[in-house]
Amino acid sequence: MNIERDHYEKALEHVLAKVELAIDEFVDKFPHVSSNNVYSGEENTLWTASFFPGICYLAYELTGDNKYLIHSESYLDSFEDRVVNHKHISHDLGFLYTLSCVANYKLTGSERAHKIALLAAEMLTERYNEQGHYIQAWGEMGISYPDVKIIIDTMLNLPLLYWSGSKRNYEIALSHARTAAKYLIREDYSSYHTYLMRPETGEAMIGKTHQGYADESTWARGQAWAVYGFALSYRYTKEPEFLKVAKETARVFINNLPKDSVPYWDFSFTDDHPDIKDTSAAAIFCCGLLELCQYVEANQKDEYLAIVDRVMRSLYSNYSTKELDTSNGFLTEGVYHRNHGARECVIWGDYFYLEAIVRLLSDTKTFW
Ligand code: GLY
């Protein structure tokens with residue numbers, strides 16, 4: 001299947017115009033979740049700090065315009081300070097250092113960026129529980145049940161470990177992915193957001209939600225993290241089980257797409273029983289399917305590309321900020337938590353939307 005390039009070039013034009021609005025504002029400040037579709041700058045304390053640098057690196061990769069590279073490089077001091085001084089550390093080191101430092105290293109070969117990213121990878125492995133073969137998501141190490149959790153989002157933090165070149169880091173990522181497949185993915189390939197673990201024994205206790213509607217429901221963004229995360233684990237390990245999980249979780253996602261192809265924030269909701277959408281889940285899912293396209297037969301690839309095209313066109317036509325002149329985001333109707341940061345631009349949704357456009361327009365490599 002061939003995509004219509006003109007459409008995605010128009011979508012890219014809209015995104016780059018919005019980056020232009022944002023770039024001077026976010027100097028050592030980081031967009032997170034908007035208010036009335038306008039981001040303000042946060043300190044480098046949240047899990048989302050790397051997404052705007054990542055957007056600038058993608059823009060640089062696609063356009064070759066140095067201003068994006070220079071802007072993103074200006075964030076390196078802040079990321080170095082965060083990891084060297086152990087500030088605001090969680091499993092999210094993967095998101096944070098892949099899109100800030102690994103991206104820089106892949107684009108420029110910078111030794112400094114390489115060193116900072118390796119330090120972040122080491123710090124991520126300190127969250128590994130040997131008995132349970134999992135990376136603890138949140139909280140200090142040493143906390144106890146029921147506060148210790150594995151969460152589906154961690155799947156996107158694993159590429160930092162696979163990439164690092166250390167055998168131990170690779171083994172930790174592989175073991176965590178196996179544990180996540182065992183407990184966070186249900187028999188029908190829907191997903192739990194989190195699973196409570198007993199750290200002394202490594203025992204997996206029970207599935208719980210954190211941002212979804214209910215413990216036994218499927219949080220749309222969590223399902224998108226599963227699709228993309230297992231596809232990435234397959235890229236690095238070639239474990240057939242991970243490919244199967246990525247394809248089957250994608251099937252569940254596809255089966256839950258409503259009429260306009262942008263999912264409700266939790267799959268408990270449908271066109272007959274609607275609630276708000278989550279555009280960020282749609283964008284992450286598209287990147288996951290595009291990753292999977294590399295590993296499946298030609299007819300399945302065509303099917304996936306057709307779905308990506310449908311979702312991406314709906315995002316552009318129905319949910320982009322193209323008619324919101326004051327907005328400095330790309331996509332409206334993202335959700336952080338249902339009752340806190342909903343129906344707004346969210347910076348990770350914007351990042352994955354641009355990553356999907358970049359993947360559709362070029363064969364540039366991703367940073368994961
Ligand atoms: N990783 C946090 C979230 O998806 O909201």
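The values are calculated or read from the model by the stated rules, or taken from the named source; none is laboratory data. This is a predicted model, so every value here is computed, not measured. Cβ placement follows ideal geometry from the backbone for every residue including glycine, while neighbour counts extend to all protein chains displayed.
Within the stretch 12-24, residues that are touching a residue at least 24 places away in the same chain (Cβ under 8 Å) have Cβ atoms under 6 Å from residues that are among the aliphatic types (A, V, I, L, M) in these pairs: Leu12/Ile357; Val15/Leu354; Val19/Ala59, counting only partners at least 6 apart in sequence or on another chain.
Just one of the listed residues (Tyr134, Tyr97, Tyr68) is farther than 19 Å from Glu355 by Cα and either within 16 Å of the ligand (Cβ to nearest atom) or in contact (Cβ under 8 Å) with a residue 24 or more places away in the chain (or both), and it is Tyr134. Number of residues in the stretch 335-363 that are within 12 Å of Leu290 (Cβ to Cβ) and of a type in the set (Val, Ile, Thr): the value is 2.
Exactly one residue out of Asp147, Asp188 is closer than 18 Å to Ala226 by Cβ, modelled with pLDDT of 95 or more and not in a helix (DSSP H, G or I), and it is Asp188. So which of Glu4, Glu42 is more than 20 Å from the chain's Cα centre (by Cα) and on the phi < 0 side of the Ramachandran plot? None of the other options fit; the residue is Glu4. Across the stretch 196-228, the qualifying residues are those that are surrounded by fewer than 24 Cβ atoms within 10 Å (Cβ to Cβ) and assigned to a strand (DSSP E or B), and the one among them that is nearest to the ligand (Cβ to nearest atom) is Lys208. The test for being within 15 Å of Leu160 (Cα to Cα), crowded, with 18+ Cβ neighbours inside 10 Å and hydroxyl-bearing (Ser, Thr, Tyr) does not hold for Ser72. On the stretch given as the stretch 265-286, residues that are within 14 Å of the ligand (Cβ to nearest atom) and part of a helix (DSSP H, G or I) total 7. Can you find a residue in the stretch 229-245 that is within 14 Å of the ligand (Cβ to nearest atom) and in contact (Cβ under 8 Å) with a residue 60 or more places away in the chain? Yes: the stretch 229-245 contains one or more residues that are within 14 Å of the ligand (Cβ to nearest atom) and in contact (Cβ under 8 Å) with a residue 60 or more places away in the chain. Annotation note: of Ala120, Ala113, the sole residue that is more than 16 Å from Ile89 (Cα to Cα), more than 15 Å from the ligand (Cβ to nearest atom) and buried (at least 23 other Cβ atoms within 10 Å of the Cβ) is Ala113.
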